[in-house]
Structure formats: structure tokens, C-alpha cells
């Protein structure tokens with residue numbers, strides 16, 4: 001940030017009284033500009049044992065595969081955001097949403113929250129942010145073409161959990177790691 005969104009004056013960085021972190025502060029109007037993590041809400045949609053993935057039509061990671069997900073909007077709940085993103089990206093309607101994974105991504109100040117859900121029908125299509133949308137069996141997942149580590153991690157959890165037919169809520173914290181590093185080779189610090 002360079003300028004105050006309240007008065008337009010130039011900002012400085014300092015630790016405000018009573019705080020412990022550097023903040024953008026306007027010395028003219030005394031506004032403290034707090035910057036907090038963004039929440040990404042998404043879904044792992046399933047139809048007859050297959051997982052629905054979207055190939056991205058936008059940056060970042062244009063052309064790579066992802067679960068339907070995106071930033072929450074003000075005024076909506078996390079599950080509303082996840083449902084909206086699924087409609088926008090895959091034109092799919094969901095039922096039986098269950099919280100499934102919450103993954104902190106501190107190096108980019110984001111929290112990714114994924115639900116596991118059944119699709120209400122086999123109807124889906126590429127939305128404006130997707131080049132194509134497709135159902136995948138586990139053996140056909142394009143692992144080397146996944147857009148984000150949080151998507152990879154969520155899919156890996158799902159396929160392990162599906163073998164046991166138990167789907168606990170997973171919490172995790174990702175640091176910068178190569179996208180191709182398999183879950184079984186990661187440490188809890190990854």
C-alpha cells in the first residue's frame with residue numbers, strides 16, 4: 001500500500017501503539033490499515049466415484065487443473081462461497097456439503113477451505129473461468145498438471161480416506177514446496 005484509502009495521503013509502515021506488527025499507517029488521518037489473510041472456499045465434488053476438476057481459463061496457473069474454488073465475497077458464508085464458485089466454474093449443483101480440509105498458506109496470507117460434496121446430478125459444464133471441466137477416476141487425475149498444492153493435498157487426503165470410508169476434517173499448513181512432492185514424502189512442516 002502506498003496511499004491511504006480514507007484520505008489519499010501517503011502511508012508509512014510502523015508498529016502502532018498497543019500492537020506488535022508492522023502496519024500501514026496514515027499520519028494525516030491516523031487510520032491504521034490492517035491487512036488480513038484471504039479465505040479461498042472450494043469443493044471436492046464427486047459423482048459416481050469420480051472427482052470433478054476444472055482446467056483454469058485464468059491466471060494464476062492458466063491451463064492447469066483445480067478443484068472449483070475461489071475467494072470468499074463479503075456477506076456470504078464459507079459454504080455459500082464454495083457453492084457459488086462451483087456454479088461459476090463448473091455449472092454444477094451440489095448436495096451434502098461436509099467440511100473436509102482447512103489448509104493454511106501463510107506465505108501468501110491465505111486459508112483454503114474445501115468441502116467434500118456429492119453433485120446433485122451429472123450436469124456440469126465449463127464456466128467462464130474454466131477451459132474445460134471433467135470427471136476423473138483416481139488413476140486418471142492429472143497430478144503433474146494440478147494448479148495448486150492445496151488442491152493436490154486435498155485430493156491426496158480424499159483418495160486415502162476413500163479407501164477406509166472415513167472422511168475426517170483435515171487441517172494443514174503448507175509452506176513453499178515443489179508441487180510434485182508426494183504427500184507421503186512431506187513432513188508436517190511442508
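Where a number appears in this text, it was derived from the coordinates with a stated rule and is not lab data. These numbers were taken from a predicted model, which means no experiment stands behind them. Quick reminder, even Gly has a Cβ in these numbers, built from the backbone with ideal geometry, and neighbours come from all protein chains shown.
General observations
- One residue stands out among those in segment 1-15 that are part of a loop (DSSP other than H, G, I, E, B) and within 10 Å of residue 27 (Cβ to Cβ): the one that is nearest to the chain's Cα centre (by Cα), which is 4.
- Restricting 139, 128, 151 to those that are out of contact with any strand residue (DSSP E or B) (no Cβ under 9 Å at 6 or more places or on another chain), touching a residue at least 60 places away in the same chain (Cβ under 8 Å) and under 16 Å from residue 65 (Cα atoms) reduces the list to 128.
For (1) in contact (Cβ under 8 Å) with a residue 40 or more places away in the chain; (2) crowded, with 20+ Cβ neighbours inside 10 Å; (3) in contact with a helix residue (DSSP H, G or I) (Cβ under 9 Å, 6 or more places away or on another chain), each residue gets a yes or a no:
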{"site": "13", "(1), (2), (3)": "no, no, no"}
{"site": "39", "(1), (2), (3)": "yes, no, yes"}
{"site": "67", "(1), (2), (3)": "yes, yes, yes"}
{"site": "90", "(1), (2), (3)": "yes, yes, no"}
{"site": "94", "(1), (2), (3)": "yes, yes, yes"}
{"site": "100", "(1), (2), (3)": "yes, yes, yes"}
